[in-house]
Every structure is written in C-alpha cells, then in structure tokens.
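The values are calculated or read from the model by the stated rules, or taken from the named source; none is laboratory data. Everything numeric in this text was worked out from a predicted model, so none of it was measured. Backbone-built Cβ (ideal geometry, glycine too); neighbour counts: all protein chains shown. Each accessible area value is taken on the protein alone, full model and side chains, heavy atoms only, with ligands, DNA and RNA left out. Shrake-Rupley method; radii C 1.70, N 1.55, O 1.52, S 1.80 Å.
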Amino acid sequence: AWFIASCKEDGMRPGDVPVHDGQTQKMAEIYQAYQDQCEREGVVDFAELLLRTYELMRDDAMLREHYQRRFRHILVDEFQDTNRLQYRWLQMFAPPPDGLQPGSPQGVFAVGDDDQSIYAFRGARVGNMADFLLEYSVQHQIKLEQNYRSCGSILDTANELISHNKSRLGKNLRTDQGLGELIRVVESPSDYAEAQWFLEEAQQLHRAGIERREIALLYRSNAQSRVLESALFNAGVPYRVYGGLRFFERAEIKHALAYLRCVANPDHDLAFERIVNVPKRGLGDATLEQLHVYARRKGLPLIAAARQLIETDELKPKPRGTLRELTKAFARWNSLIDTMKHNELAEMVPEESGYTDMWQKERTPEAAGRLENLKELVRSMEEFPDLAAFLEHVALVMDTNDNSDDERISIMTLHAAKGLEFETVFLPGWEESLFPNQRALDESGKAGLEEERRLAYVGITRARRRAKLYFATNRRLHG
C-alpha cells in the first residue's frame with residue numbers, strides 16, 4: 001500500500017515504474033493487480049483522486065483551460081507538506097509565467113514554513129517551496145519572523161540549530177517577550193535516570209502552580225515511551241499519549257502479551273483467541289468455531305480442547321496439523337518458565353511463533369517502529385523477578401484509565417506535536433543514532449539529517465516559557 005501510494009504521488013502508473021530488480025518488478029505487478037481490482041469494484045483511494053484529477057487536466061486542454069479561467073486566484077496552505085503530484089496540480093491550475101495562457105490565474109498565494117517540513121515519510125517534498133519561488137519568479141515574498149509564542153532563548157536556540165540546514169529559504173524568528181529562561185541541557189547516566197529526573201522536574205513545576213496540561217514530553221521514537229510511561233505510572237502521575245496509544249495498548253504489544261499470557265496460563269482463552277491466527281496460520285472461521293463448540297461441550301479451555309480435538313477425525317488434515325504444531329509450541333514454552341530467564345523466553349516466543357518474522361516482512365513505514373516496540377517490551381521485563389510479576393504489572397497499568405484530560409501531562413512523538421504549544425516542553429533522548437535517528441540517516445543521508453534537524457526545530461518551538469533537553473550516557477537499545 002505504501003509503495004502504491006508513493007508511485008501515485010509521483011505521478012506513476014504501473015507501466016511507469018522503473019524496474020531495477022525482481023523485487024520492484026513484483027511490486028509493479030501487484031500495483032497493476034490492485035488497480036485492476038479497484039476498476040472492477042468501481043472504487044478509488046485517496047492518491048488515485050489526486051492522480052486522476054491531474055491526468056484529466058493534463059490530457060484535456062478544454063477542461064484545463066476552463067478551470068484556469070474559473071479560478072482567478074489560488075491559495076496554497078501548508079505548502080511544505082505538499083508532494084510532487086500536488087505541486088503538479090498547482091502547475092496545471094496556474095501555469096508558471098513562462099507558460100501563461102489566456103485566462104490563466106492572475107495570482108497564486110502560497111503559505112508554508114520549510115523549516116517545519118517533517119513528513120517526508122508520507123511523501124512531502126520540502127523542495128516544492130524553493131521550486132515555486134524559482135519557477136513562478138515570485139516577486140513578493142513575506143517572511144513571518146515575529147513569533148508570539150516563545151521567549152527569546154527558545155527562539156535563539158531554534159534559529160541557531162536550523163541555520164545548519166543549507167537547503168532552506170531562510171528566516172530568523174524574533175520576539176518582544178524578552179529572553180526568558182535559558183534552555184537547559186541535562187546529561188543523565190541512563191534512560192531510567194532520565195525518566196526519573198523528568199518526573200521530579202515535572203512534579204516540582206506542578207507544585208509551583210503550573211498545570212499538568214501545560215507540560216509536554218516529546219520523544220523521537222515510540223519505543224522511548226515505555227520507560228517514561230512507567231515512571232509516570234509508578235508515581236501515580238496522570239498522563240495521556242496524544243495522537244497515539246499508550247505503550248501497552250499498541251497492537252504489536254497486545255499480541256506479544258497474549259502469547260506470554262498463554263505461556264504463563266494455558267487456560268487464558270481470551271489471549272489464545274487473540275493470537276491463534278496471528279500471524280496467519282490458515283485456521284479459518286469454521287475451524288475456530290469447531291474448536292469453540294468442542295471446548296464448550298467438554299467444558300475445557302481452548303488450548304486443552306485443541307489438544308483433544310486434534311486426536312479426533314473432526315478436523316480436516318491441514319488445520320489439524322497446524323493446531324498440533326501450535327499446541328506443542330505452547331507446551332514447550334510453558335515447560336521453560338522455571339529454567340529460562342523470563343526476558344529471554346519473551347524474546348524466543350515471538351521469534352519461534354513467526355510473529356517477529358511477520359513484521360520483518362511487512363514493508364511499511366510503521367513496521368520498523370513495531371519491531372522496536374517488541375524489543376523494548378523484552379527489555380522492560382528485566383525490572384521484574386519473573387513472568388508472572390511482569391504480567392501482573394501490565395494488568396495494573398492497563399486498568400488505569402484517567403479520563404480527566406485537563407489535568408494530565410501530555411506525552412507524544414515529535415511528529416504528533418506539530419501545531420501544538422505548551423508552557424514547558426521536555427525533550428528526552430537527544431543522542432546520536434536515537435535523535436538524529438540512525439535509520440533516517442542511513443536511508444536518506446544528508447537530506448535525512450536535515451529533516452531530523454527540522455524535527456528538532458519543531459520540538460523546541462513547541463515551548464512557550466521553558467524547554468529542557470535530555471541525553472543519556474547509557475541507553476539500552478535492541479538488547
């Protein structure tokens with residue numbers, strides 16, 4: 001889905017995809033099959049709406065001229081978040097000056113901040129703004145440099161940081177609110193100490209009269225939230241994950257926990273139902289219904305019922321073999337509880353069940369983050385004496401749900417924070433490979449580093465009065 005959307009946003013149909021190897025050839029074939037299915041069903045996806053409109057305008061001169069005459073003035077907002085196809089749209093509605101035709105628009109007004117372009121992973125192209133200035137020979141460029149949110153020290157820091165990006169249009173934010181508190185950079189010995197220091201400072205601010213809703217914790221990677229959430233939960237401090245789920249509410253964590261619950265307690269039917277077909281094992285609804293009927297008839301938990309059912313002739317050979325392998329796996333994992341470290345067992349179960357492999361094969365931007373979260377789950381278990389104690393802790397955390405939005409600290413990713421503002425912002429994990437993110441650097445090089453810098457710029461400028469940056473000398477990552 002990500003590949004198809006990317007192709008469409010670049011204006012490419014299946015036949016236009018440059019084929020470099022067998023993998024891209026296969027992807028192009030899937031793209032074509034997907035398009036054929038959409039045609040049969042008479043449906044379109046979002047990127048298709050953009051691409052079809054572009055193709056209509058491109059291929060039908062009368063239609064194109066009609067809309068060029070109809071829209072005399074065009075406003076583009078959030079220009080830094082547009083993709084290649086949306087920019088081509090603009091060129092169709094309002095051709096650049098060297099291609100002006102009679103009746104084409106007299107004015108294009110574009111608003112954007114190239115320093116806040118942080119959605120390259122969704123197809124946004126920061127270069128559209130520079131291209132627009134050049135291709136449209138822009139005569140009137142207005143820089144909005146007066147800032148009404150942040151105090152001087154925050155803006156000075158943000159300006160200095162973003163000045164290292166070479167491919168930017170350039171501006172220098174200023175304020176008349178005075179210097180304010182200096183930004184603090186805090187070194188901590190570990191990520192646990194980092195979380196504890198953040199907690200203590202947040203509590204101190206709250207005691208000084210600052211409302212919790214005016215305090216935000218912004219991190220680069222979702223996997224960081226587990227340690228931070230744990231510190232807040234253990235201290236009884238209410239919080240909410242803005243624009244996302246709490247760590248133990250994420251789908252991949254719920255699945256992994258369901259596996260572990262079945263290992264610890266083979267009678268846990270809800271957990272078994274969650275993962276019996278995750279990853280896909282070819283156990284259809286009919287097979288699962290047979291299993292439920294048998295379990296009810298015999299008064300047995302599902303796993304115990306499955307062990308008996310596979311010894312009968314009631315199931316077809318394939319599902320019988322699949323259930324046999326699954327029940328054997330759970331019996332073997334359960335036998336290791338007393339002889340193996342619980343965190344090592346937690347690493348083994350997703351590996352041997354095929355769950356980790358399922359996410360490794362998933363070619364989406366979210367898959368890598370899910371794998372990081374699974375590793376963080378394993379790491380989090382080191383704090384507990386055994387599997388039972390860990391699962392009990394998780395049950396307590398999951399059961400805590402304070403709905404009073406007004407009095408909760410907001411925690412979120414830097415991406416989710418765009419457009420928001422807080423009195424105080426805490427920014428943990430500012431260390432090489434975590435932020436700037438190593439994957440972004442490996443995949444995009446200098447362009448990736450510049451995007452990471454823009455993300456840091458967005459994070460710092462969320463703060464009105466104070467911002468605190470944290471880095472740890474030791475942090476457990478990937479074990």
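Rounded to the nearest 10 square angstrom, PHE3 shows an accessible area of 40 square angstrom against a 1.4 Å probe. Note on the range 103-173: Cα-Cα pairs beyond 20 Å make up 41% of the total pair count. Computed from the Cβ-Cβ distance with R0 of 45 Å, the FRET efficiency linking ASN234 to GLU362 stands at 0.85. For LYS166, a cut-off of 16 angstrom between C-alpha atoms picks up these lysines, skipping any fewer than 8 places away in its own chain: LYS446.
Here the accessible area of the chain is 51 percent carbon and sulfur, with a 1.4 angstrom probe and all protein chains present.
By the rule of a C-alpha distance below 16 Å, with chain neighbours fewer than 8 residues away ignored, the aspartates and glutamates paired with LYS328 are ASP267, GLU311, GLU351, GLU352.
Over the Cα atoms of the range 336-479, the radius of gyration divided by the Kirkwood radius equals 1.01; this is the Rg/Rh ratio. Given the range 43-84 reduced to its alpha-carbon atoms as identical point scatterers, what log10 I(q)/I(0) does the Debye formula return at q = 0.16, 0.22, 0.27 Å⁻¹? Once normalised to I(0) and log-transformed, intensities are -0.57, -0.95, -1.03. Accessible area per residue for the chain, computed on protein heavy atoms with a 1.4 Å probe, is 51 Å². The calculated Kirkwood hydrodynamic radius for the range 1-53 is 11.3 Å, given to one decimal from all distinct C-alpha pairs. Seen from every direction in turn and averaged, the convex hull around the alpha carbons of the range 85-234 projects onto 12.9 nm².
With the convex hull of its Cα atoms as the shape, the range 25-98 has an orientation-averaged projected area of 7.1 nm². Between VAL293 and GLU431, the FRET efficiency from the beta-carbon distance, with R0 = 45 Å, is close to 0.25.
Along the axis of the charge dipole computed for the range 329-428 (Cβ charges of +1 for Lys and Arg, -1 for Asp and Glu, origin at the Cα centre), the listed residues PRO350, LEU377, GLN360 are led at the positive end by GLN360. Taking a ≥ b ≥ c as the square roots of the eigenvalues of the Cα gyration tensor, an a/c ratio of 1.5 or more together with a/b no larger than b/c marks the range 435-475 as oblate. Diagonalising the gyration tensor over the Cα atoms of the range 1-156 and scaling each eigenvalue by 5 before taking the square root yields semi-axes of 32, 24, 13 Å, largest first. Volume per residue of the convex hull around the Cα atoms, evaluated for the range 261-365, comes out as 110 Å³. Estimated at 0.36 nm per residue, the fully extended path between LEU396 and GLU325 surpasses their Cα-Cα distance by 22.3 nm. With R₀ fixed at 60 Å, the C-beta to C-beta distance from LYS166 to LYS280 puts the FRET efficiency at about 0.80. Measuring against 25 Å, Cα to Cα, the residue pairs LYS254/LYS316; LYS26/LYS318; LYS318/LYS375; LYS280/LYS361 contain LYS254/LYS316; LYS26/LYS318; LYS318/LYS375 as the ones spanning a longer distance.
Remark: C-alpha extents of the chain on the principal axes read 81, 63, 40 Å, sorted largest to smallest.
Plugging the Kirkwood radius over Cα pairs into Stokes-Einstein for the range 410-453, at a temperature of 37 °C and a viscosity of 0.692 mPa s, what D comes out in µm²/s?
Value of D from the Cα-based Kirkwood radius: 280 µm²/s.
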